[in-house]
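Asks: Before we start, here is the structure in question, set down as structure tokens.
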Amino acid sequence: MKTGKETILSFSRREFIKQSGLALTVFTLPFPLTKILNDNKMKDNKKYDVIIVGGSYSGLAAGMALGRALKKVLIIDSGKPCNAQTPHSHNFLTQDGKAPSEIATLAKKQVEMYNTITFFNGLTTNGKKTATGFELQVTSGETFQSEKLIFATGIKDEMPNIEGFSECWGISMLHCPYCHGYEVRNEKTGILGNGEHGNELAKLISNWTNDLTLYTNGKSNLTLEQTEKLEKRKIKIVEKEIQQLEHKNGYLHTILFKDGTKTEVKAMYSRNSFEQHCKVPEALGCELNDEGYIKVNPFQETTVDGVYACGDNTTRLRSVANSVSMGTTAGMMASKRMILEQF
């Protein structure tokens, strides 16, 4: 019969041998057991209910709606909003006059409070349909899966070949009178445009100022009727080609023409051409409309089942308020559909 001390020693030896054997087993596997566990955890973490591509106003609004619906969400964002150099945002209740970056920072902080939402800093480069939804790839090569997708990726404005234009864009070279027209009301204002687009923009901007000139930057393509109507409203038409926009920190003060002459101006409007900032929606089969925006229905659904789009990539009505509205709609509709499908 073993004494108590012998029993304890015997038990300790057996336990030591048992634990040593388990440890040796781990080291004899093709790769460590810890790696298997970590990989499985990473795979689980890369599966989401919804992935939102684009983390600015519309994407954050969609994220908040989904977070409040208890959905597991990944927001992928490269941190390059199209209004990065715009000093102030307007026509947005409770946020009028604030810097866009200030609004976005507060919005992200509020969305981060929902613990089912994860942020990933990166650029989405590829996407494909899968048996259970979709898979997206980012520049690092990492992939993420989800049941639904929301693209809030905005657009990329194409700048004309005029020195100083890009530096003034969003500051004193404007795209929307409802966003910025009040601040330059009654000022000496220019329109950069020609033909039908120039005519329509000149008619619209005449609401904010009587000191208005249409700069066609070359021979006018206006019809005789359009020309006569603009001149009747005392809107001047200048066909000289523009060499440079002179400014101070993005604020216009002078237009320099190629013939060497100059004229003063406080603000200008331009309706630029653009391209989709992200090509993945098209690669997945999302259709664009005639203007180049992603086609969506009133629920922000694209032409591809399970894919939503919201914000500037879907409409010419470019404002922070409108982007937030569409993002909220996309998040609500995506979550509602998932809830009903899983019921």
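Asks: For segment 61-122, what does the relative contact order come out to in percent, with C-alpha contacts under 8 Å and a separation of six or more?
Replies: For segment 61-122, the relative contact order is 48 percent.
Asks: In whole Hz, what ³J(HN,Hα) sequence does segment 228-236 give by Karplus (6.51, -1.76, 1.60; θ = phi - 60°), x for Gly and Pro?
Replies: After applying 6.51 cos²θ - 1.76 cosθ + 1.60, I find 5, 5, 5, 5, 5, 8, 6, 8, 6 Hz.
Asks: May I ask for the percentage of alpha-carbon pairs in segment 180-298 that lie more than 16 Å from each other?
Replies: 66 percent
Asks: Let me ask something else. For segment 93-192, what is the Kirkwood estimate of the hydrodynamic radius, computed as the reciprocal of the mean inverse distance between distinct Cα atoms, to one decimal in Å?
Replies: Averaging 1/r across every pair of different Cα atoms and inverting gives 17.9 Å.
Asks: Further, regarding this structure: Please report, in debye to the nearest 20, how large the charge dipole of the chain is about its Cα centre when each Lys and Arg carries +1 at its beta carbon and each Asp and Glu carries -1 there.
Replies: On the way: 42 positive and 38 negative charges, 306 e Å.
About 1480 debye.
Asks: Further, regarding this structure: Kirkwood Rh over alpha-carbon pairs of the chain, then Stokes-Einstein at 10 °C and 1.306 mPa s: what D in µm² s⁻¹, rounded to an integer?
Replies: Value of D from the Cα-based Kirkwood radius: 68 µm²/s.
Asks: Now a separate question. Positive end of the dipole of the chain, charges at C-beta (+1 Lys, Arg; -1 Asp, Glu), about the Cα centre: which of L245, I255, C286 has its Cα farthest in that direction?
Replies: Working it through, the farthest residue towards the positive pole turns out to be C286.
Asks: Expressed as a whole percentage, what fraction of the accessible surface of the chain belongs to carbon and sulfur atoms when a 1.4 Å probe is rolled over the protein heavy atoms? Could the numbers behind the result be given before it?
Replies: Details: 10570 of 19490 Å².
The nonpolar share, carbon plus sulfur, comes to 54 percent.
Asks: Sticking with this structure for a sec: Once amide H atoms are placed 1.01 Å from N in the peptide plane, what residues at a sequence separation of 5 or more from T314, or on another chain, have their amide H within under 5 Å of its amide H?
Replies: I294
Asks: With all protein chains present, calculate the accessible area of Y178 using a 1.4 Å probe and round the result to the nearest 10 Å².
Replies: 130 Å²
Asks: Could I ask something else about it? With Cβ to Cβ distances under 11 Å as the rule, what net charge do the other residues near W208 carry (K, R +1; D, E -1)?
Replies: Taking every other residue near W208 into account, the sum is -2.
Asks: Using the structure shown, list the pairs from K188/K248; K46/K108; K46/K71; K47/K148 with a Cα-Cα distance above 19 Å, or answer none.
Replies: K46/K108
Asks: Given C-alpha coordinates of segment 124-256, what is the ratio Rg to Rh with the Kirkwood estimate of Rh?
Replies: With Rh from the inverse mean 1/r over Cα pairs, Rg/Rh is 1.18.
Asks: What's the center-to-center distance, using Cα atoms, between segment 270-286 and segment 175-246 in Å?
Replies: First find each Cα centre; the distance between them is then 28 Å.
Asks: Through the Karplus equation 6.51 cos²θ - 1.76 cosθ + 1.60, θ set to phi - 60°, convert the phi angles of segment 198-212 into ³J(HN,Hα) values in whole Hz; use x for Gly and Pro.
Replies: Here the 3J(HN,Hα) series is x, 4, 5, 5, 5, 4, 5, 5, 4, 5, 9, 7, 9, 9, 10 Hz.
Asks: Show log10 I(q)/I(0) for segment 238-287 at q = 0.22 Å⁻¹, two decimals, from a solvent-free Debye sum over equal Cα scatterers.
Replies: Result of the Debye calculation: -0.83.
Asks: Please give the calculated 222 nm ellipticity per residue for the chain, where each DSSP H segment of at least 4 residues contributes -39500 (n - 2.57) and the sum is spread over every residue; nearest 500 deg cm²/dmol?
Replies: Result for the chain, helices only: -10500 deg cm²/dmol.
Asks: Report relative contact order for the chain in percent, whole number only (criteria: Cα-Cα under 8 Å, sequence separation at least 6).
Replies: 19 percent
Asks: By the 4.7 Å beta carbon criterion, which cysteine residues of the chain come out unpaired?
Replies: Taking the Cβ cut-off of 4.7 Å, the unpaired cysteines of the chain are C82, C168, C278, C286, C310.
The values are calculated or read from the model by the stated rules, or taken from the named source; none is laboratory data. Predicted, not measured: the structure shown is a model, and the values here were computed from it. Cβ: placed from backbone, ideal geometry, glycine included. Neighbour counts: every protein chain shown. Only protein heavy atoms, including side chains, enter the accessible area calculation; ligands, DNA and RNA are left aside. Shrake-Rupley method; radii C 1.70, N 1.55, O 1.52, S 1.80 Å.
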